[in-house]
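Participant: Structure incoming, see below.
The values are calculated or read from the model by the stated rules, or taken from the named source; none is laboratory data. Here the structure is a predicted model, which is why all the values come from computation and not from measurement. Ideal geometry is used to build each Cβ from the backbone, glycine not excepted, and the neighbour counts take in all protein chains shown. Heavy atoms of the whole protein, side chains included, go into the accessibility calculation; ligands, DNA and RNA do not. Shrake-Rupley method; radii C 1.70, N 1.55, O 1.52, S 1.80 Å.
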Amino acid sequence: AQLRAALLSSVSHDLRTPLVSVLGAAGALKNNSAALDKEARKALLDSILEEAERLDRFVQNLLDMTRISYGGLHVKPDWHELSELVYRAQHRLKRQMRDHPVDVQISDSVPLLWVDAMLIEQVLVNLLDNAAKFSPPKAPILVQAEDAGSQLILRIRDQGSGIPVNDRESVFNMFHRVRSGDSRVAGTGLGLAICRGFVEAHGGRIRVLSGNNDLGTIVEVTLPLQPGAPTLQQAQDPS
């Protein structure tokens, strides 16, 4: 009953908010199109597109959470380059990330990953989306990855207000929400729960740490590396 109530509350809030924006912008275009200049029309169309993408991500999160909850998640691994997965995640979030420069630092020693690209890309999308959402405008986001022997360690650091110590485990629970600095509830409460499900399905783990000098948040993802995993150069030139 509690899960159903949380689901209904989340769906009603997180579907209605972008829908109101879409309807408002579409109504303005329909009723006042002749009076709007080119820039105003473009701004309204951009708003419709951005909110529609937000709706799409929310619906995808709901579907992903259902797969995890009911055992319908099947990992289909292959060799993938981490930097390519990061690039694809950034591309999917180009509107959300436009005010946040992303500094990607991936060690040359990181080999190809034996992962399900769709699942790990979604982990990156959710983590980058969170980092942008909770960071001040123009604040950079850092993505670091290194080979730690048998494991890949991936860290995504923002410069937001941080996550209280008491919330750092519960943020991975379904529908848990952390209040932002101005006391507003932010996020759907699904993104990090999905990240944990996808990461653990690969035999990895995910945790929240304090940022450098207690500034912001670091989300650390650890994934196992396959023995003898090829580097990108080896994969391109197997001879």
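Participant: Of the accessible area of the stretch 82-161, with the probe set at 1.4 angstrom, what percent is carbon plus sulfur?
Facilitator: Accessible surface attributable to carbon and sulfur in the stretch 82-161 totals 48 percent.
Participant: When you count, for each residue, the other Cβ atoms within 10 Å and take the mean per peptide, how do 65-75, 199-209, 28-38, 123-133 rank with the highest first?
Facilitator: Averaged packing, sorted descending, gives the order 123-133, 199-209, 65-75, 28-38.
Participant: About the Cα centre of the stretch 52-180, what is the dipole size in debye to 20, counting +1 per Lys and Arg Cβ and -1 per Asp and Glu Cβ, all else neutral?
Facilitator: 640 debye
Participant: First measure r as the distance between the Cβ atoms of residue 138 and residue 210, then evaluate 1/(1 + (r/R0)^6) with R0 = 25 Å and state the FRET efficiency to the nearest 0.05.
Facilitator: 0.70
Participant: In Å², what does the accessible area per residue of the stretch 79-177 work out to with a 1.4 Å probe?
Facilitator: Here the per-residue accessible area is 48 Å².
Participant: Now for a separate question. What are the trypsin sites (Lys or Arg not before Pro) within the stretch 73-112 that DSSP puts in a loop, where the Cβ has at most 16 other Cβ atoms within 10 Å?
Facilitator: Listed in order of number, the matching sites are 94, 95, 98.
Participant: I would also like to ask the following. Starting from the Cα of residue 38, draw a straight line to each of the aspartates and glutamates and keep only those under 14 Å, dropping any in the same chain fewer than 8 residues away.
Facilitator: Partners found: 46.
Participant: I'd like to check one number: the per residue accessible area of the stretch 13-63, probe 1.4 Å, reported in Å² as a whole number.
Facilitator: Averaged over the residues of the stretch 13-63, the accessible area is 65 Å².
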